[in-house]
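Submitted below is the structure of interest, expressed as C-alpha cells.
The values are calculated or read from the model by the stated rules, or taken from the named source; none is laboratory data. Because the structure is predicted, anything quoted here is derived from the model rather than measured. In this analysis, Cβ positions are derived from the backbone assuming ideal geometry, glycine residues included, and neighbour counts consider all displayed protein chains.
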Amino acid sequence: MTQYIISYTKPHNHYVDVEFIAGGIDADETLIQLPAWRPGRYELGNFAKNIQRWQAFDEKGNALFFEKIKKDCWKVQTKGVKQIHIKYNYYAAELNAGSTYLDNTQLYMNPVNCCVYIPERINESCELQLLLPNDYNVAIGLIEPQSQKIKTPHSFVFDDFHELADSPFIASNSLKNQQFENNGVTFYVWLQGECTPNWNIIIRDFKKFVQEQMLMMKAFPAKSYHFLFQILPYRAYHGVEHVTSTVITLGPGYNLMKGSLYEDLLGVSSHELFHAWNIKTIRPAEMLPYDYSQENYSRLGYVSEGVTTYYGDSLLYRSGVFTTEQYLKTFAERLQKHVDNFGRFNLSVAESSFDTWLDGYTKGVANRKTSIYDEGCLLAFITDMFIRKHSNNKHSLDDVMVHLYQEFALKQKGYTEKDYKGIIEYYANNSFDEVFDNYINNASDYQPALLDAMDYIGCELIMNATSQQHEHCLGIKVSEIGGICKVNAVYPHSIADNAGIAINDEILAVNGIQLKPEGNNTNFTEWCNYFIANNNTIRLSLASSRMMNEVELKPLPNSYYKVVSMQKQKQANSIQKANFELWSKNKF
Ligand SMILES: [Zn+2]
C-alpha cells in the first residue's frame, strides 16, 4: 500500500504540501508520474506546472538523485533503496469543479491534480492522510453505510489510484449537509460557501430526478452518492462527474434558490448524476482504464457528453421537476447553438469528440467544429426517436443505455462505435446507417433528421426572425463588453460577409452616429434597429485589426440568423400525442 500525507502551513499562500511514500522498491530506477489531465475534461491540464519544488528521499531520509524525463514524470535512482519518500508542494489557488484549492476556510482537493503515482503500481491500494484542523469535516464520495474506507475522520483508504483520482473532497468547518435515501442508495448534498439553501425544495426536487434516473437505469453503480457543491460569491457554473460523487461550482450564492440559477443547479446536478453511469462506468473501450499520462483519444464524446446532456434535461422533465416550458427552453438553447454554428458543415461530432484534446473547451476558430454537448444532445434525441418509431414505442434509447450498463459496464468492458450502433439497431430492429453515416460521422445540418424526430412526437421546428435587426438583415452577431461593440459572428455568404466584415471587428459608428457606452453595452442595437426600420442603408464604421474601414449594407430582412425552438404542433394527431406522452411522461 502506498501512502499520501497532505498538510499545509500557511493556507493563504495556497501551497499544499504532499508526501508520497511507497515501500517495496526493488528496482534501480523508479518512475513517478503526475497526471497530465483529469477525466471529465478531455484536454491536457498539465498540472505539474503547479508544483514549485520536488524532492525524493530514501527510508533513512537521504536525498535521492532524480531527473525529469517528461513534463510530469520523474525518474528516481533507487538502487539499494527499500522505500521511496517524495515530498513536493502544489499551488492550489484555482477554484473550479475539477481543481484543487486551499485557503483559510477550506481544503478542496481533486487528487487527480496533485497526487503522483508509480505507473506499474497504479492498481495497488493507497491511503490518504489529511493533517487538518480538528473541527474540519470531510465531504468525500467514500462515505457510505458501514464504509470500511474511512479509517479516521481525516484518513481514508482506496482500492487503487483510480479510486483516489476519482474521489475529490471538500474539508472545512462550514459545510452544510442533508441526505436522503432512494432504493437503498444514500444521496448526500453538501454545500460549501455563503448561501441560504431551502432544503425542503432542494431535497424534494433531487428525490424526483434521482428516482427517475434510477428507475430508468434499474441499478446504481455505488452504495452512496455525494453532490459536492462549491457555492461561490460570483457567477459560476461548472460540474465534474465521478462514480460516487460530483463537484459542482455555482454562483452567485445570494441567488442560489432563485430562477435561472436554481434551474442551473438542477440541470447540472441531473447531468452529473447521469454520468455516474454514462462515462464513469459505461466507458469507451479506449478509455478503459484511463491513462493519466497522455491524451486518451475517443470518437465517442457525443455519447458520453451528448447522451448525458439529453438525459440530464429530459429526466428532469420526465420526473416532473421541469415543466414543459422549462424543458423546451433548454432544448431550444441546444437547437440555437446548432443552427448558429456553421462548424456543423465542417467537422462531424465524432471528429469533434476526437479533437476535444485540441480545442474542445474553447470557442476555437470560426466555423471549425461541432459540440459534443449540443450537437451530441440533438443526435441523442434523433436516436431516441429513431428507436421509438421503428419499435412502435416498445424500445427507446433508454434500453441502449441499460444494455450498455449491464452488458459492458458491469462486465468491466469498454464499448466501441460499432457496439453503440449495433445496440441501437438491435432495439430499433432497423439499420441505423443513415443517421450514423450522415449525421454522426459526417458534417451536416441535422435539420431533416430533427424535423422527422420532432414530428414523431407531434412537435415542429419553429424558426423566427430575431428582434435584432443586424442579425437577420445584415448577418452579424455582436458582443458588447465594457462599452465596446465587436462582431463575434458573421453569417457565411451574408451581405456583411461579402462586404468584408470579420469577427473581432470593432463597430465604432452606425450611419455616422458614434456608438457610446451605456453601462457594459453600447447603443448599437438600438441605432441599427432604428435605421433598418426606416428602410435606410446601413453604413458601419469599423476598426479592423490594423485599419479603419467603412462598409455600406442594404439590409435584407429575414435572410440570416433566426431564433429557433421546438414547439407542439397545433394539428398533432392522437398517435403523435400518445408518442409524446410516452416519451415525456407529461400530458401533450
Ligand atoms: Zn458532462
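Counting just the residues of region 383-411 that are exposed (fewer than 15 other Cβ atoms within 10 Å of the Cβ) and not polar (S, T, N, Q), which one comes out nearest to the chain's Cα centre (by Cα)?
So, considering only residues that are exposed (fewer than 15 other Cβ atoms within 10 Å of the Cβ) and not polar (S, T, N, Q), the one nearest to the chain's Cα centre (by Cα) is L410.
Only one of (1) out of contact with any Asp or Glu (no Cβ under 8 Å at 6 or more places or on another chain); (2) among the hydroxyl-bearing types (S, T, Y); (3) assigned to a loop (DSSP other than H, G, I, E, B); (4) within 16 Å of the ligand (Cβ to nearest atom) is not met by S304, so which one is it?
Just one mismatch for S304, condition (3).
Quick check: anything in region 491-507 modelled with pLDDT of 95 or more, surrounded by 21 or more Cβ atoms within 10 Å (Cβ to Cβ) and touching a Cys at 6+ places or on another chain (Cβ under 6 Å)?
Yes.
Separate question: How many of the residues making up region 33-47 are buried (at least 22 other Cβ atoms within 10 Å of the Cβ) and either among the charged types (D, E, K, R) or in a strand (DSSP E or B) (or both)?
1
With respect to A171, is the statement that it is crowded, with 17+ Cβ neighbours inside 10 Å and closer than 24 Å to K71 by Cβ true? First the steps, then the outcome.
Working: crowded, with 17+ Cβ neighbours inside 10 Å: yes; closer than 24 Å to K71 by Cβ: no.
Answer is no for this residue.
Here are L261, L273: which of them is away from the ligand (no atom under 11 Å from the Cβ) and assigned to a helix (DSSP H, G or I)?
Values: L273 fails: away from the ligand (no atom under 11 Å from the Cβ).
When all the criteria are applied, what remains is L261.
Something else now. Restricting attention to region 126-154, and to residues there that are at pLDDT 95 or above and of a type in the set (D, E), which single residue is nearest to E272 (Cα to Cα)?
E127
Quick one: which of V189, V247, V240, V210 is buried (at least 20 other Cβ atoms within 10 Å of the Cβ), closer than 23 Å to Q326 by Cα and modelled with pLDDT of 95 or more?
On the way: V189 fails: closer than 23 Å to Q326 by Cα; V247 fails: closer than 23 Å to Q326 by Cα; V240 fails: closer than 23 Å to Q326 by Cα.
One residue alone meets the criteria, V210.
To continue, here is another question. Which condition number in (1) surrounded by fewer than 16 Cβ atoms within 10 Å (Cβ to Cβ); (2) without any contact (Cβ under 8 Å) to a residue 60 or more places away in the chain is the one that L582 fails?
For L582, the failing item is (2).
Search region 212-249 for residues being assigned to a strand (DSSP E or B) and over 30 Å from V402 (Cβ atoms), and hand back the single one that is farthest from the ligand (Cβ to nearest atom). Quick ask: steps written out before the conclusion?
Here is the first cut: in region 212-249, the ones assigned to a strand (DSSP E or B) are 224-231, 236-241, 245-249.
Adding the requirement that they be over 30 Å from V402 (Cβ atoms) leaves 230-231, 236, 249.
Numbers: Q230: 17, I231: 20, A236: 16, T249: 14 Å.
Top of the filtered list is I231.
Read through the list (1) farther than 27 Å from T416 by Cβ; (2) among the charged types (D, E, K, R); (3) within 16 Å of the ligand (Cβ to nearest atom), then give the number of the only condition that K363 fails.
So the condition that K363 fails would be (3).
Mind listing whichever residues of region 278-301 are more than 12 Å from the ligand (Cβ to nearest atom), assigned to a loop (DSSP other than H, G, I, E, B) and closer than 20 Å to S245 by Cα? I'd like the intermediate steps shown before the answer.
Going residue by residue through region 278-301, those that are more than 12 Å from the ligand (Cβ to nearest atom) are 281-300.
Imposing the further condition that a residue be assigned to a loop (DSSP other than H, G, I, E, B) reduces the set to 281, 283, 288-300.
Result: T281, R283, L288, P289, Y290, Y292.
Which residues, counting only those in region 307-333, are in a helix (DSSP H, G or I), away from the ligand (no atom under 16 Å from the Cβ) and either polar (S, T, N, Q) or touching a strand residue (DSSP E or B) at 6+ places or on another chain (Cβ under 9 Å) (or both)?
Step one: filter region 307-333 for residues in a helix (DSSP H, G or I), giving 307-318, 324-333.
Retained after the next criterion (residues that are away from the ligand (no atom under 16 Å from the Cβ)): 317-318, 324-329, 331-332.
Scanning region 307-333 gives T324, Q326, L328, K329, F331, A332.
Could you please find all residues in region 123-145 being over 25 Å from S174 (Cβ atoms) and crowded, with 19+ Cβ neighbours inside 10 Å?
C126
Looking at region 365-384 only, could you name the residues that are touching an Asp or Glu at 6+ places or on another chain (Cβ under 9 Å) and of a type outside the set (A, V, I, L, M, F, W, C)? It would help to see each step written out before you state the result.
Of all residues in region 365-384, those touching an Asp or Glu at 6+ places or on another chain (Cβ under 9 Å) come to 365, 368-374, 376-377, 382, 384.
Listed by number, the residues that qualify are R368, K369, T370, S371, Y373, D374, G376, D384.
Looking only at region 209-265, which residues are free of Cβ contacts under 8 Å to residues at least 40 places away in the same chain, closer than 23 Å to R41 by Cα and of a type in the set (D, E, K, R)?
If the condition is that a residue be free of Cβ contacts under 8 Å to residues at least 40 places away in the same chain, closer than 23 Å to R41 by Cα and of a type in the set (D, E, K, R), then R235, D264 are the ones that fit.
From the set of residues in region 335-346 that are over 14 Å from Q567 (Cα atoms) and out of contact with any Ser or Thr (no Cβ under 6 Å at 6 or more places or on another chain), which is nearest to the ligand (Cβ to nearest atom)? Step through it out loud before you land on a result.
Initially, region 335-346 is screened for residues over 14 Å from Q567 (Cα atoms), giving 337-346.
Remaining after also requiring out of contact with any Ser or Thr (no Cβ under 6 Å at 6 or more places or on another chain): 337-342, 345-346.
On the way: K337: 15, H338: 18, V339: 22, D340: 21, N341: 19, F342: 24, F345: 25, N346: 23 Å.
My answer is K337.
May I pose another question? Among the residues that make up region 49-59, is at least one of them within 16 Å of the ligand (Cβ to nearest atom), in contact (Cβ under 8 Å) with a residue 60 or more places away in the chain and either at positive phi or not in a strand (DSSP E or B) (or both)? Please lay out each step first, then the result.
Keep residues of region 49-59 that are within 16 Å of the ligand (Cβ to nearest atom), which gives none.
No, that holds for no residue.
Go through (1) in contact (Cβ under 8 Å) with a residue 24 or more places away in the chain; (2) within 33 Å of the chain's Cα centre (by Cα); (3) more than 16 Å from the ligand (Cβ to nearest atom) for G24 and report which single condition fails.
In the conditions (1) in contact (Cβ under 8 Å) with a residue 24 or more places away in the chain; (2) within 33 Å of the chain's Cα centre (by Cα); (3) more than 16 Å from the ligand (Cβ to nearest atom), G24 misses (2) alone.
Does at least one position in region 109-117 carry a residue that is within 23 Å of D160 (Cβ to Cβ) and free of Cβ contacts under 8 Å to residues at least 60 places away in the same chain? First the steps, then the outcome.
Within region 109-117, the subset within 23 Å of D160 (Cβ to Cβ) is 109-117.
Of the ones still in play, those that are also free of Cβ contacts under 8 Å to residues at least 60 places away in the same chain are none.
No: zero hits.
Name the residue that is nearest to the chain's Cα centre (by Cα), counting only residues in region 60-93 that are in a loop (DSSP other than H, G, I, E, B) and within 22 Å of Q129 (Cα to Cα).
Across region 60-93, the extreme among qualifying residues is A92.
Scan region 286-305 and report the pairs whose first residue is within 18 Å of R121 (Cα to Cα) and whose second residue is away from the ligand (no atom under 16 Å from the Cβ), with Cβ atoms within less than 6 Å and a gap of 6+ or a chain change.
L288/G414; Y292/P35; S293/Q33; S293/A36
Only strands (runs of 3 or more DSSP E) wholly contained in region 98-191 count here; list those with 2 or more residues that are closer than 25 Å to G239 by Cβ. Let's see the steps before the verdict.
Details: elements: 106-109, 126-130, 137-140, 150-152, 155-158, 169-172, 176-182.
Where strands (runs of 3 or more DSSP E) fall fully within region 98-191 and carry at least 2 residues being closer than 25 Å to G239 by Cβ, they are 106-109, 126-130, 137-140, 155-158, 169-172, 176-182.
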